[in-house]
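The values are calculated or read from the model by the stated rules, or taken from the named source; none is laboratory data. No experiment lies behind these values; they were computed from the predicted model shown. Neighbour counts run over all protein chains shown; Cβ positions are idealised from the backbone, glycine included.
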Amino acid sequence: MSNFNKVIQQGRLVKQPELRYTQSGTPVTNIRLAIDGLPNKGSGEGRTDFIPMTVWGKQAEHVCQYCVQGQVITVEGHLRDVIRMEEDGNNRHELQAHAQRVIFGAKPMPKAA
């Protein structure tokens, strides 16, 4: 049996992306997408999910150079289980999408003066 790990997410950038570099000089940025969910049957209100994603290399540079907060982007990639140790010594698991392809969408409309 083969494994399949692929995710495609489309949403709005929660904040302006910031570029940083690993110790080996690889460009990387961590972004978070706000993705509106389907409305609940009872209340009719939807839930917004905030999905963390990591973008590497030239794509990270392009995302930081050309994308702005609130812009719609589509990310194609795979999920990784990122493990971080908390202050109390317990491991914290977080599913994080690692981008393999980023497609830029509509930028937010400028606010009227």
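Is there any pair with a first residue in the stretch 53-74 that is under 23 Å from Thr22 (Cα atoms) and a second that is outside any helix (DSSP H, G or I) and of a type in the set (Gly, Ala, Ser) whose Cβ atoms are under 7 Å apart and which are 6 or more apart or on different chains, and what are they?
That search, which allows pairs on different chains as well, returns Met53/Ala97; Met53/Ala99; Thr54/Ala99; Val55/Ala99; Gln59/Ala99.
Hey, any hits in the stretch 37-57 for a residue that's more than 12 Å from Val75 (Cβ to Cβ) and in contact with a Ser or Thr (Cβ under 6 Å, 6 or more places away or on another chain)?
No; the residues of the stretch 37-57 include none that is more than 12 Å from Val75 (Cβ to Cβ) and in contact with a Ser or Thr (Cβ under 6 Å, 6 or more places away or on another chain).
What tally of residues in the stretch 1-48 results from selecting those that are among the charged types (D, E, K, R), within 17 Å of Gln69 (Cα to Cα), part of a strand (DSSP E or B) and at pLDDT 90 or above?
Just the residues of the stretch 1-48 that are among the charged types (D, E, K, R), to begin with: 6, 12, 15, 18, 20, 32, 36, 41, 45, 47.
Subset that is within 17 Å of Gln69 (Cα to Cα): 12, 15, 18, 32, 36.
With the extra rule that they be part of a strand (DSSP E or B), the set shrinks to 12, 32, 36.
Among the residues that remain, those that are also at pLDDT 90 or above are: 12, 32.
Count: 2.
Looking at the structure I just gave you, is Gln69 assigned to a loop (DSSP other than H, G, I, E, B), under 16 Å from Ile51 (Cβ atoms) and either under 19 Å from the mean Cα position of the chain (by Cα) or among the hydrophobic types (A, V, I, L, M, F, W, C) (or both)? Lay out the reasoning, then the answer.
Details: assigned to a loop (DSSP other than H, G, I, E, B): yes; under 16 Å from Ile51 (Cβ atoms): yes; either under 19 Å from the mean Cα position of the chain (by Cα) or among the hydrophobic types (A, V, I, L, M, F, W, C) (or both): yes.
Spelling it out, Gln69 is indeed assigned to a loop (DSSP other than H, G, I, E, B), under 16 Å from Ile51 (Cβ atoms) and either under 19 Å from the mean Cα position of the chain (by Cα) or among the hydrophobic types (A, V, I, L, M, F, W, C) (or both).
For the stretch 4-18, state whether one or more residues are without any contact (Cβ under 8 Å) to a residue 24 or more places away in the chain and over 15 Å from Glu76 (Cβ atoms).
The first filter runs over the stretch 4-18 and keeps only residues without any contact (Cβ under 8 Å) to a residue 24 or more places away in the chain, leaving 4.
If we keep only those that are over 15 Å from Glu76 (Cβ atoms) as well, we get none.
No, every residue in the stretch 4-18 fails to be without any contact (Cβ under 8 Å) to a residue 24 or more places away in the chain and over 15 Å from Glu76 (Cβ atoms).
Among the listed residues Glu45, Glu86, Glu76, Glu61, identify the single one that is surrounded by 13 or more Cβ atoms within 10 Å (Cβ to Cβ), farther than 17 Å from Gln10 by Cα and among the acidic types (Asp, Glu). Explain how you work it out, then say what you get.
On the way: Glu45 fails: surrounded by 13 or more Cβ atoms within 10 Å (Cβ to Cβ); Glu86 fails: surrounded by 13 or more Cβ atoms within 10 Å (Cβ to Cβ); Glu76 fails: farther than 17 Å from Gln10 by Cα.
The match here is Glu61.
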